[in-house]
Amino acid sequence: MNVFDDIAGRIRGALAALSTSGTLAADIDHEGFDVETPRDPTHGDFASNVAMVLSKRAGMKPRDLAEAVKARLEGERGFAKIDVAGPGFLNMTMEPAFWHGLVVAVGREGAAYGRSDIGKGAKVNVEYVSANPTGPMHVGHCRGAVFGDALANLLAFTGYEVTREYYINDAGGQVDVLARSAFLRYREALGEDIGPIPEGLYPGEYLKPVGAALAKTHKKTLLDLREDEWLPPVREFAIAAMLDMIRDDLAALNIRHDVFTSEAALSRGKTDKVKLAIDALRKKGLIYEGRLERPKGHDDEEWEDREQTLFRSTAFGDEADRALQKSDGSYTYFAGDVAYHYDKLARGYRHLVNVFGADHVGYLPRVLAIVAAFTGGKLDVDAKGRLRSWRTVGGSADLELKVVSLVKLYKGGEPYKMSKRAGTFVTLRDVVDEVGRDPVRFMMIYRKELEPLDFDFAKVTEQSKDNPVFYVQYAHARAASVFRNAKEAFSDLDPGAELAGADLSRLTDPDELALIRKLAHFPRLTAGAAEAREPHRVAFYLYDLASTFHGLWTRGNDSPHLRFIQATDRSLTVARLALVAATRQVISSGLSVLGVEAPDAMR
């Protein structure tokens, strides 16, 4: 049940009746208006701008139209008072019974409450993490991993068919460095004194098990081979080992991808997908042979002062055209991205979401240009050609790029450095092992993704209102404890049967009704968060909901007649248990979207 949709539907019904009566034209468009919660609660429970939006179409003054809609709505079930305010705002106050019906709806719908079908089953691909397979995940990957996973959960919750994808960057020179580093550890495992790790190789001790596994598998056979002979099998072995490590690290955060796509396989498989993608752009007239100017202010590894195969990315708002093939015919790094997005579109996805780190901002326009070129879309720019958002618009499919900002580590307010496995950086696993999965997941999403995030190891483990994850989980555990205590007060209590028939008219306290109103926002909140691709909204909402629930609990401590359990009044107790059950359900569903446990007791 979405109460905002319900009120909007009632307004449409009133407009239809006005059209039938001749007050409005029969063919007038009734869409485009909003139903919101008034900023000032004294103005009522709902407000609508319907009269201002439709007045020109109706040929009526806004206030006159608002009065006509009001007259049609008055007397309908659930409305306590309807006012016309200002130039024509419609302010509506609902009867308590209307809100009691929301508690019934949550109990009836259970885990389905808050879900929606705004995605209409559309296929969406969320690609996130995609770290180079050269070592363990570091804390910088952690935020993007949690954001991408929570976003995928949110989209699935609102009716999209979601695929979670990891793009393996296994075609560049860094995987050759990995292979040489692993080969060094292989020699070490065979008893050789390798001395200090040479400059340019990966020094982390996480490669020692890889070297040992190579020694166990190949014995000393690789020692007699030339580098060009041992490099390919060692590279393949090391990449596989790193991907196992990465999967294990992500699993510690309860993150599992559906698809792992290899960059190397795009050009080395049975079909050269890079060539297919370039040919597709060529047919669109977007490929030419030419030279590029040297980039200003920075080096570009793919720049060369020779004729190359270029993509006209400037036709889609990029600052320069981009090289796809060098003069020797080899593909550039960017060519792999072109083929990768072409492949995703060929797999039938209509919505693409890529999650990048803050260090990739300069790369975004060319990625957007790829999808715009293939889909017939364009970049979202203003009249002066400046990007308004990192997404494509129009076309047969769209791409949105989400950028997560940096994470700074603190402990008790002081900068905190820790490193165990990697040798040079803080790993994702270090952080999870230090504080646990749930605090990491919740706090990594408790900021809008573009805002810098300060992660304090001390604060995320303290048991206080200042720790959002504890505060929200404690609300769920506290709700569960109410039912345990109710069972002690009423030993024959059957919540399943009794809550369904609860006399909810007993819920009359303003704070009880305020909690119900907060629960009513959940379906609208999740739908809006999914459309905006902003899972942090769910975390913010859960904290507010928990605060409202804890506040009601605290009032019961001060005023015994407001406690959830009234040992001498079973009917009132059951009504309040229904409210507590609805609250527990919404918190559980919201935490599930974030990938965080909803505990029945706090340790």
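Residues are listed down the side, and each one gets a yes or a no for (1) assigned to a helix (DSSP H, G or I); (2) in contact with a helix residue (DSSP H, G or I) (Cβ under 7 Å, 6 or more places away or on another chain); (3) aliphatic (A, V, I, L, M); (4) at pLDDT 95 or above:
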residue	(1), (2), (3), (4)
PHE470	yes, no, no, yes
ALA479	yes, yes, yes, yes
LYS487	yes, no, no, no
ALA497	yes, no, yes, no
ASP511	yes, yes, no, yes
ALA514	yes, yes, yes, yes
LYS518	yes, yes, no, yes
GLU534	no, no, no, yes
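If you check ASP176 against the conditions, is it free of Cβ contacts under 8 Å to residues at least 24 places away in the same chain, part of a helix (DSSP H, G or I) and over 30 Å from VAL593 (Cα atoms)?
The answer is no for ASP176.
Restrict the check to segment 120-139 and report whether at least one residue is aromatic (Phe, Trp, Tyr) and over 29 Å from ARG347 (Cβ atoms).
no
Checking THR93 against (1) at pLDDT 95 or above; (2) of a type in the set (S, T, N, Q); (3) out of contact with any strand residue (DSSP E or B) (no Cβ under 8 Å at 6 or more places or on another chain), which test does it fail?
Tallying (1) at pLDDT 95 or above; (2) of a type in the set (S, T, N, Q); (3) out of contact with any strand residue (DSSP E or B) (no Cβ under 8 Å at 6 or more places or on another chain), THR93 fails exactly one: (3).
Please list, ordered by first then second residue, the pairs with beta carbon atoms under 8 Å, 6 or more apart or interchain, first in segment 190-212 and under 22 Å from PRO133 (Cβ atoms), second of a type in the set (Lys, Arg) and assigned to a helix (DSSP H, G or I).
LEU201/ARG180; LEU207/ARG185; LYS208/ARG185; VAL210/ARG185; GLY211/ARG185; GLY211/ARG187; ALA212/ARG185
Taking segment 477-532 only, how many residues are aromatic (Phe, Trp, Tyr) and over 12 Å from LEU102 (Cβ atoms)?
2
Here is a yes/no grid of residues against (1) among the acidic types (Asp, Glu); (2) under 19 Å from the mean Cα position of the chain (by Cα); (3) in the same structural domain as ASP511 (by TED's automatic domain parsing):
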{"position": "PRO523", "(1), (2), (3)": "no, yes, yes"}
{"position": "THR526", "(1), (2), (3)": "no, yes, yes"}
{"position": "GLU531", "(1), (2), (3)": "yes, yes, yes"}
{"position": "HIS536", "(1), (2), (3)": "no, yes, yes"}
{"position": "LEU552", "(1), (2), (3)": "no, no, yes"}
{"position": "ASP569", "(1), (2), (3)": "yes, no, yes"}
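Of GLU229, GLU236, which residue is part of a helix (DSSP H, G or I), exposed (fewer than 13 other Cβ atoms within 10 Å of the Cβ), in contact with a helix residue (DSSP H, G or I) (Cβ under 9 Å, 6 or more places away or on another chain) and modelled with pLDDT of 95 or more?
GLU229
For the subset of segment 539-597 comprising residues that are free of Cβ contacts under 8 Å to residues at least 24 places away in the same chain and hydroxyl-bearing (Ser, Thr, Tyr), which member is farthest from ALA156 (Cα to Cα)?
THR568
When you check SER571 against the structure, is it polar (S, T, N, Q), in a helix (DSSP H, G or I) and farther than 30 Å from GLY119 by Cα, yes or no?
Considered against the rule, which asks whether it is polar (S, T, N, Q), in a helix (DSSP H, G or I) and farther than 30 Å from GLY119 by Cα, SER571 comes out as yes.
Considering every residue within segment 113-122, establish whether at least one is among the acidic types (Asp, Glu) and touching a residue at least 40 places away in the same chain (Cβ under 8 Å).
yes
Checking the conditions here, which among VAL104, VAL3 is within 39 Å of the chain's Cα centre (by Cα) and buried (at least 21 other Cβ atoms within 10 Å of the Cβ)?
VAL3
Those residues that are part of a loop (DSSP other than H, G, I, E, B) and out of contact with any Gly (no Cβ under 7 Å at 6 or more places or on another chain), I need them from segment 184-210; list them, please.
Once the filter is applied, which keeps residues that are part of a loop (DSSP other than H, G, I, E, B) and out of contact with any Gly (no Cβ under 7 Å at 6 or more places or on another chain), segment 184-210 yields LEU190, GLY191, GLU192, ASP193, ILE194, GLY195, PRO196, ILE197, PRO198, GLU199, GLY200, LEU201.
Residue check: is ALA145 within 30 Å of GLY590 (Cα to Cα), modelled with pLDDT of 95 or more and either polar (S, T, N, Q) or in contact with a helix residue (DSSP H, G or I) (Cβ under 8 Å, 6 or more places away or on another chain) (or both)?
Here the answer is yes, as ALA145 does meet what is asked.
Conditions (1) surrounded by 14 or more Cβ atoms within 10 Å (Cβ to Cβ); (2) part of a loop (DSSP other than H, G, I, E, B), marked per residue:
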position: LYS56; (1), (2): no, no
position: ARG63; (1), (2): yes, no
position: VAL69; (1), (2): yes, no
position: ARG72; (1), (2): yes, no
position: ARG77; (1), (2): no, yes
position: ALA80; (1), (2): no, no
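From (1) in contact (Cβ under 8 Å) with a residue 12 or more places away in the chain; (2) farther than 26 Å from TYR446 by Cβ; (3) under 37 Å from the mean Cα position of the chain (by Cα), pick out the condition that doesn't hold for GLY148.
(2)
Quick check on segment 252-261. Is at least one of its residues of a type outside the set (S, T, N, Q), part of a helix (DSSP H, G or I) and in contact (Cβ under 8 Å) with a residue 24 or more places away in the chain?
Looking for residues that are of a type outside the set (S, T, N, Q), part of a helix (DSSP H, G or I) and in contact (Cβ under 8 Å) with a residue 24 or more places away in the chain, one finds at least one in segment 252-261, hence yes.
Just a yes or no: is a residue in segment 65-83 touching a Gly at 6+ places or on another chain (Cβ under 6 Å) and not assigned by TED's automatic domain parsing to the domain that holds GLY501?
yes
Can you name the strands (runs of 3 or more DSSP E) wholly within segment 355-444 that have at least 3 residues being hydrophobic (A, V, I, L, M, F, W, C) and surrounded by fewer than 21 Cβ atoms within 10 Å (Cβ to Cβ)?
387-393
Would you mind finding the one in ALA241, ALA280, ALA265 that is over 28 Å from the mean Cα position of the chain (by Cα), modelled with pLDDT of 95 or more, within 30 Å of LEU428 (Cα to Cα) and surrounded by 13 or more Cβ atoms within 10 Å (Cβ to Cβ)?
ALA241
Within segment 457-468, track down each residue that is outside any helix (DSSP H, G or I) and surrounded by 20 or more Cβ atoms within 10 Å (Cβ to Cβ).
ASN467
Any idea how many residues of segment 108-147 are small (Gly, Ala, Ser), closer than 23 Å to PHE522 by Cα and crowded, with 22+ Cβ neighbours inside 10 Å?
Number of matching residues: 1.
Considering only segment 6-24, I want to know if a residue exists there that is modelled with pLDDT of 95 or more, β-branched (Val, Ile, Thr) and assigned by TED's automatic domain parsing to the domain that holds LEU90.
yes
The values are calculated or read from the model by the stated rules, or taken from the named source; none is laboratory data. As the structure is a computational prediction, the values presented were derived from the model and not from experiment. Using ideal geometry, Cβ is built from the backbone for each residue, glycine included, and neighbour counts are taken over all protein chains shown.
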